[in-house]
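Participant: Okay, handing you the structure first.
The values are calculated or read from the model by the stated rules, or taken from the named source; none is laboratory data. Keep in mind that what you see is a predicted model, and the values were worked out from it rather than measured. We place every Cβ from the backbone using ideal geometry, glycine too, and count neighbours over all the protein chains shown. Please note that ligands, DNA and RNA were not included when accessible areas were found on the heavy atoms of the full protein model with its side chains. Shrake-Rupley method; radii C 1.70, N 1.55, O 1.52, S 1.80 Å.
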2 protein chains.
Amino acid sequence: MKILRKISETRKITSALILRKKIIGFVPTMGYLHEGHLSLIKAAKKKSDVVIVSIFVNPLQFAPNEDFTKYPRNFKKDEKLCRAEGVDYIFYPDIKEMYPDDFSTYITVENVSAGLEGKIRPEHFRGVATIVLKLFNIVQCSFAVFGQKDAQQACVIKKMTEDLNINTKIIISPTVRENDGLAMSSRNVYLTPGQRADAAYLYKALEYARRKIMLENYNRDIAFLKGQMSKLIKSRKTATKIDYISFNNSRTLEEVQTLKNLKSASILISLAVRFGKVRLIDNIVIKR
Amino acid sequence: MKILRKISETRKITSALILRKKIIGFVPTMGYLHEGHLSLIKAAKKKSDVVIVSIFVNPLQFAPNEDFTKYPRNFKKDEKLCRAEGVDYIFYPDIKEMYPDDFSTYITVENVSAGLEGKIRPEHFRGVATIVLKLFNIVQCSFAVFGQKDAQQACVIKKMTEDLNINTKIIISPTVRENDGLAMSSRNVYLTPGQRADAAYLYKALEYARRKIMLENYNRDIAFLKGQMSKLIKSRKTATKIDYISFNNSRTLEEVQTLKNLKSASILISLAVRFGKVRLIDNIVIKR
């Protein structure tokens, strides 16, 4: 496994790989790898000749009031984990390499970026789209793997790839969960034991909605389901604020208000909840 | 020479060319080709194995009040000219192929897009950057040739390519002029004979500034030069409005106010002038 710190060096390697007809699988990450990331790497490994993982905490996707400087980092551990998974290259640039002083080009994906996380974190997806396009151009991957955990991010990347005719296939890999259902996230390390226990209720709330719709065939207004999910989460005292609970078309992210006459639509049920200063997101997709 | 109307077909061809290590030279145009375009094609031909010309009048770079529907088109003539120049492929997509109904991704290049044309045509360079990135991803070119005539466009494309780590070299080709100095432009066909004669004074004004600075070593405030250039243009009665005459750093496009202490800077002198409804631009670059 080789660690690449420079764009020019990385591109030289990937250009040579392409001429040798190698399939490059890519997993972009912000490091502090957990089982969720490893499942993306495993998925990439299966379908490629060469796996590249990037580790870069992207300042452009954090707002000034967010946790950029505090975001957890542990490169030595990440390196070990990548090696164990058979990763071929880690692309690990520093900030100046990716964003020189006069950097001024941005990608905006309208519509799908607007609601949900985009409403609470304006400019977040501009930062995500911009870094992902840069990384794609550097690693020149045949495909890239993203996690379903960041559902809106997956939609934004897919839309960007489609709209800009980017020659990279986007693969979305299922969310990996702890035994009690909590979605794996680098931010879980911030949780106190009490918050950690209560955080499992996010998935319980999502599962409640899935059961109502899929098993009990609940077929009416979504307001009732949201209310019940909200109650379930608020029953945990460390859950301090629900940013949103939302039902959306899983591709366009248009909000869904009722389940009536909604045949064969694929619905994204997503939520964001704060436990003190820690903000967690989760989601499931159901097909009616 | 083959005419390609579909993105998927084009990409299949260019991917195969890359695997055969062919150098693809690309000239993006809006058609209605003139000597200026042909000089770009000749420049591409010299350095490549395969030349692709795109012909696409890009709606995204026209404001609602601009001349998108009236922009001159003559594909049959363009086809003949390309064939004569030894072009290998014309990429000639229709609007729906490039912009499906739910298209919503845009590239913004801040700073260099803000002044000059960008001030008068807001969103113009967003449209230019977006279509150029799409075209690059489709034709997968090693290099692309743009004209110095659209100086700010050249700066925007260069900056985008640098910032987004796009694997395409940008070549800027000199402006081709009529015998009296008028820069070649598809919009010149709109000029009445009187306007056409007066339009030559744009270049005369630029040449006046060049002479003052380079030969007479004029070394002071730029306001005087601008005033003289303006007088010269306004002396022609069909020149109805000067949008701007501007002196800028040729790379960053920062405005230059004085020539004092300005050693070894490369200065872009550019102007935009209206002859009735026809708006013409021109520029020169001088190195002190």
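Participant: If you count the DSSP beta bridges with both ends in the protein assembly as shown, what percent of them are antiparallel, to the nearest 5?
Facilitator: The antiparallel fraction comes to roughly 55 percent.
Participant: Partner chain Cβ atoms within 10 Å, averaged over the residues of A:94-106 - can you pull that number for me?
Facilitator: 4
Participant: Taking the Cβ-Cβ separation of A:K287 and B:K46 as r and a Förster radius of 41 Å, what is the calculated FRET efficiency to the nearest 0.05?
Facilitator: Result of the calculation: an efficiency of 0.15.
Participant: Something else about it: Within the range A:41-173, what whole-number % of the accessible surface is contributed by carbon and sulfur, with the 1.4 Å probe and all protein chains included in the calculation?
Facilitator: Here carbon and sulfur together make up 51 percent of the probe-accessible area.
Participant: In terms of the Cα gyration tensor, with a ≥ b ≥ c the square roots of its eigenvalues, is the range A:211-288 rounded because a/c is under 1.5, prolate because a/b exceeds b/c, or oblate?
Facilitator: Prolate shape, in that a/c is at least 1.5 and a/b is the bigger ratio.
Participant: Let me ask something else. Expressed as a whole percentage, what fraction of the accessible surface of the range A:186-287 belongs to carbon and sulfur atoms when a 1.4 Å probe is rolled over the protein heavy atoms?
Facilitator: 51 percent
Participant: Gain in length, B:D221 to B:V189, computed as 0.36 nm per residue apart minus the alpha-carbon separation, to one decimal in nm?
Facilitator: The B:D221-B:V189 span can extend by a further 7.9 nm.
Participant: Roughly how big is the A-B contact, given as buried accessible area in Å² (both sides, 1.4 Å probe, nearest 100)?
Facilitator: For chain A against chain B, roughly 2700 Å² becomes buried.
Participant: Here is a follow-up. Of A:K2/A:K47; B:K70/B:K287; B:K21/B:K76; B:K45/B:K80; A:K134/B:K6; B:K22/B:K159, which pairs sit farther than 28 Å apart, going by alpha carbon to alpha carbon?
Facilitator: B:K70/B:K287; B:K21/B:K76
Participant: For a Förster distance of 60 Å, can you work out the FRET efficiency between the beta-carbons of A:Y244 and A:S8, rounded to the nearest 0.05?
Facilitator: So, using R0 = 60 Å, E works out to roughly 0.90.
Participant: Then there is this: For label points placed 7 Å from Cα toward Cβ, what is the shortest-first list of nm distances from A:N167 to its copies?
Facilitator: With the label placed 7 Å along Cα→Cβ, A:N167 yields 0.8 nm.
Participant: How many percent of DSSP beta bridges within chain B run antiparallel, rounded to 5?
Facilitator: If we restrict to bridges inside chain B, about 50 percent are antiparallel.
Participant: What FRET efficiency would be calculated for the residue pair B:H34, B:Q228, taking the C-beta separation as r and a Förster radius of 30 Å, to the nearest 0.05?
Facilitator: With R0 = 30 Å, the Cβ-Cβ based efficiency is 0.50.
Participant: May I ask you to list the chymotrypsin sites (Phe, Trp or Tyr not before Pro) in the range B:41-84 that are in a DSSP loop and have at most 15 other Cβ atoms within 10 Å of their Cβ?
Facilitator: Answer in residue order: B:F68.
Participant: Going by a ≥ b ≥ c, the root eigenvalues of the Cα gyration tensor, does the protein assembly as shown fall in the rounded group (a/c under 1.5), the prolate group (a/b larger than b/c) or the oblate group?
Facilitator: Prolate, because a/c is 1.5 or more and a/b exceeds b/c.
Participant: Then there is this: Using 7 Å Cα-to-Cβ label points, what is the B:K77/B:K22 separation (nm, one decimal)?
Facilitator: 2.9 nm
Participant: Please check: in the Gaussian network model of chain A (C-alpha springs, under 10 Å), which one of A:M229, A:M98, A:M160 has the largest mean-square fluctuation.
Facilitator: A:M98
Participant: Divide by every residue of chain B the summed helix terms, -39500 (n - 2.57) for each DSSP H run of at least 4, and state the resulting mean residue ellipticity at 222 nm, rounded to the nearest 500 deg cm²/dmol.
Facilitator: -11500 deg cm²/dmol
Participant: How far, in degrees from 0 to 90, does helix B:75-85 lean away from the longest principal axis of the Cα atoms of chain B, to the nearest 10?
Facilitator: 90 degrees
Participant: In nm, what does the list of distances from B:Q228 to its counterparts in the other copies look like, shortest first, when each label sits 7 Å along Cα to Cβ?
Facilitator: 8.3
Participant: I need the inter-copy label distances for B:E110: point set 7 Å along Cα to C-beta, values in nm with one decimal, smallest first.
Facilitator: With the label placed 7 Å along Cα→Cβ, B:E110 yields 2.0 nm.
Participant: Additional query: Using a 7 Å offset from the Cα along the Cα-to-Cβ direction at both B:S15 and A:F143, what is the distance between the two label points in nm, to one decimal?
Facilitator: So the two model labels end up 1.3 nm from each other.
Participant: Using 0.36 nm per residue of separation minus the Cα-Cα distance, give me the extension gain between A:K204 and A:E255 in nm, one decimal.
Facilitator: 16.2 nm
Participant: How large is the accessible surface per residue of the range B:186-287, computed with a 1.4 Å probe and reported in Å² as a whole number?
Facilitator: In whole numbers, the range B:186-287 has 52 Å² accessible per residue.
Participant: Taking chain B as the reference, fit the longest principal axis to its C-alpha atoms, fit the long axis of helix B:222-234 to the helix C-alpha atoms, and give the angle between the two in degrees, 0 to 90, nearest 10.
Facilitator: Relative to chain B, helix B:222-234 is tipped by roughly 80 degrees.
Participant: Can you bin the range B:2-173 into rounded, prolate or oblate? Criterion: square roots of the alpha carbon gyration tensor eigenvalues sorted a ≥ b ≥ c, rounded for a/c under 1.5, prolate for a/b above b/c, oblate for the rest.
Facilitator: It comes out rounded by the Cα gyration axes.
Participant: Something else about it: Report, by chain and number, residues whose modeled amide H sits under 5 Å from the one on A:D221, excluding near sequence neighbours (fewer than 5 apart, same chain).
Facilitator: Sorted by chain and number, the residues that satisfy this are A:L259.
Participant: Return the loop-located trypsin sites (Lys or Arg not before Pro) in the range B:202-268 (DSSP other than H, G, I, E, B) with at most 12 other Cβ atoms within 10 Å of their own Cβ; answer none if there are none.
Facilitator: B:R220, B:K237, B:K260, B:K263
Participant: Sticking with this one: Hey, what angle do you get for helix B:7-19 against the long axis of chain B, alpha-carbon based, 0 to 90 degrees rounded to 10?
Facilitator: 90 degrees
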